[in-house]
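K.L.:
Would you mind keeping the following structure in view while I ask a few things?
The values are calculated or read from the model by the stated rules, or taken from the named source; none is laboratory data. All figures in this text were calculated on a predicted structure; none of them were measured in a lab. So basically every Cβ, Gly included, is an ideal-geometry build from the backbone, and we count neighbours across all protein chains shown. Just so you know, the surface numbers come from the protein's heavy atoms only, side chains and all, with ligands and any DNA or RNA stripped out. Shrake-Rupley method; radii C 1.70, N 1.55, O 1.52, S 1.80 Å.
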Amino acid sequence: MATFALQQRLLQPTAGVRRCPAPFRPVVPSRLQRLQDIVVHAAAVEEYEEVEIAASSKQQNVRREKPRSKRFKAMQTKTPGRTTEIDPKEAIRLLKQTASTKFTESVEFHARMGLDPKFSDQQLRATVSLPFGTGKELRVAVLTQNDNLRLAKEAGADVVGGDDLIEKISGGFMEFDKLIATPDMMPKVAKLGRVLGPRGLMPNPKAGTVTTDVAGTVKDFKGGKVEYRLDKTGNLHVLFGRADFKEEDLVFNLKAVQESIDANKPPGAKGVYWKSMYVCTTMGPSLRLSVSALQNTKAKPE
């Protein structure tokens, strides 16, 4: 009897002792709730990406001004600014005043064209003979054979050769600024494409560097014939003299460049052909030209 009473007492809860709570059971969200959470999360991500793209595009549109020297800023005050179009003669006069470095600066022409170089019928590549030259000594190399070797040397070519010159160029010889080749040498020159192509030295009929008239071509390039080509962004860059040239000579050279570009207008050109044109010295500020004023300027008389 006493044993039974003791067992009953042990089974009864003791005062002040808490019972063990039921085990934790996590609440599993329903399928509808999960879909709603996914939609809300996707909308938040999309909104964040739009804000991020807008911020990055805004930063790209902001044009950062290049740090300029005191000399450049002083010369810039003598010009009317990049947006003001001026007469070519006045631009050349101001251009010569802004050439204030210790060395003789080159004079450059830059133009933004209404062409898209991605299309084959809007490519622009040609040459122009400047009436008064560029003022720079051009090193000309000629790849030819037989009698043309003698003619090229007599015309003033700096380097002349055939198969031997091809081997020298393959070995790294690059002591020339322009390479001229006759058509019979072009199959052999093809293997030099990886060497000459990136440097813009590969002979090309459009550039006037593949010719049968070796002597005449050498004299032309030695006398101031320059090549121009539309770059990937649709711009042209042509060197047309030096800052120590006479103003009249620079105007005639500039006019020759403009006439050549107009004469070689691609057949696929649409809309405005000349968007803008500028002249500047190597280290000076740019001056915007009036396109119509340059086109109406008289060229050098023959």
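K.L.:
So the check is Cβ under 8 Å with 6+ separation or different chains; which pairs have a first residue in segment 195-214 that's closer than 19 Å to Met174 by Cα and touching a residue at least 60 places away in the same chain (Cβ under 8 Å) and a second one that's in a loop (DSSP other than H, G, I, E, B) and not acidic (Asp, Glu)?
P.N.:
Correct list of pairs: Pro203/Thr209.
K.L.:
Just to be sure before I move on: is Gly197 farther than 30 Å from Gly284 by Cα, within 23 Å of the chain's Cα centre (by Cα) and open to solvent by less than 70 Å² (accessible area, probe 1.4 Å) in the structure I sent?
P.N.:
In short, yes.
K.L.:
In this structure, is Lys191 within 15 Å of Ala157 (Cβ to Cβ), touching a helix residue (DSSP H, G or I) at 6+ places or on another chain (Cβ under 9 Å) and among the charged types (D, E, K, R)?
P.N.:
Criteria not met by Lys191.
K.L.:
When you go through (1) within 17 Å of Val142 (Cα to Cα); (2) at pLDDT 90 or above one by one for Pro205, which number turns out not to apply?
P.N.:
(2)
K.L.:
Could you give me the residue pairs with C-beta distances under 7 Å whose first residue belongs to segment 268-280 and is within 30 Å of Ala99 (Cα to Cα) and open to solvent by 20 Å² or more (accessible area, probe 1.4 Å), whose second residue is at pLDDT below 90 and part of a loop (DSSP other than H, G, I, E, B) wherever it lies, and which are 6+ apart or on separate chains?
P.N.:
Pairs found: Tyr278/Ser286.
K.L.:
Can you name the condition, by its number, that Lys298 falls short on among (1) open to solvent by 30 Å² or more (accessible area, probe 1.4 Å); (2) out of contact with any Pro (no Cβ under 9 Å at 6 or more places or on another chain); (3) under 25 Å from Ala207 (Cα atoms)?
P.N.:
All conditions are met except number (3).
K.L.:
For Val214, are the conditions met, namely being of a type in the set (A, V, I, L, M, F, W, C), open to solvent by less than 20 Å² (accessible area, probe 1.4 Å), under 22 Å from Lys89 (Cα atoms) and in contact with a strand residue (DSSP E or B) (Cβ under 7 Å, 6 or more places away or on another chain)?
P.N.:
No; evaluated as a whole, the condition is false for this residue.
K.L.:
Restricting attention to segment 164-194, report how many residues are in contact with a Ser or Thr (Cβ under 7 Å, 6 or more places away or on another chain) and β-branched (Val, Ile, Thr).
P.N.:
2
K.L.:
For Glu248, which of the numbered conditions (1) assigned to a strand (DSSP E or B); (2) free of Cβ contacts under 8 Å to residues at least 12 places away in the same chain fails to hold?
P.N.:
Result: Glu248 fails condition (1) only.
K.L.:
May I pose another question? Name the pairs whose Cβ atoms lie under 7 Å apart, with the first residue in segment 65-83 and closer than 17 Å to Arg93 by Cα and part of a loop (DSSP other than H, G, I, E, B), the second open to solvent by 80 Å² or more (accessible area, probe 1.4 Å) and at pLDDT 70 or above, and 6 or more positions between them or separate chains?
P.N.:
Sorted first by the residue in segment 65-83, then by its partner, the pairs are Lys78/Gln97.
K.L.:
Could you grab me the full set of residues in segment 147-176 that are part of a loop (DSSP other than H, G, I, E, B) and either open to solvent by less than 60 Å² (accessible area, probe 1.4 Å) or over 13 Å from Lys222 (Cα atoms) (or both)?
P.N.:
Once the filter is applied, which keeps residues that are part of a loop (DSSP other than H, G, I, E, B) and either open to solvent by less than 60 Å² (accessible area, probe 1.4 Å) or over 13 Å from Lys222 (Cα atoms) (or both), segment 147-176 yields Gly156, Ala157, Gly162, Gly171, Gly172, Phe173, Met174, Glu175, Phe176.
K.L.:
Quickly run through segment 86-99 and pick out the residues that are surrounded by fewer than 16 Cβ atoms within 10 Å (Cβ to Cβ) and either within 25 Å of the chain's Cα centre (by Cα) or in a loop (DSSP other than H, G, I, E, B) (or both).
P.N.:
Asp87
K.L.:
If a residue has to be over 13 Å from Asp177 (Cβ atoms) and outside any helix (DSSP H, G or I) to count, how many in segment 204-223 make the cut?
P.N.:
Qualifying residue count for the region: 7.
K.L.:
Touching a helix residue (DSSP H, G or I) at 6+ places or on another chain (Cβ under 9 Å), open to solvent by less than 80 Å² (accessible area, probe 1.4 Å), in a loop (DSSP other than H, G, I, E, B) and of a type in the set (Ser, Thr, Tyr): is that true of Thr127 in this structure?
P.N.:
no
K.L.:
Does Asp116 satisfy the criteria of being of a type outside the set (Ser, Thr, Tyr), open to solvent by 40 Å² or more (accessible area, probe 1.4 Å) and farther than 26 Å from Asn296 by Cβ?
P.N.:
yes
K.L.:
Moving on to the next point. Can Ala190 be described as small (Gly, Ala, Ser), open to solvent by 40 Å² or more (accessible area, probe 1.4 Å), more than 22 Å from Asp147 (Cα to Cα) and not in a loop (DSSP other than H, G, I, E, B)?
P.N.:
yes
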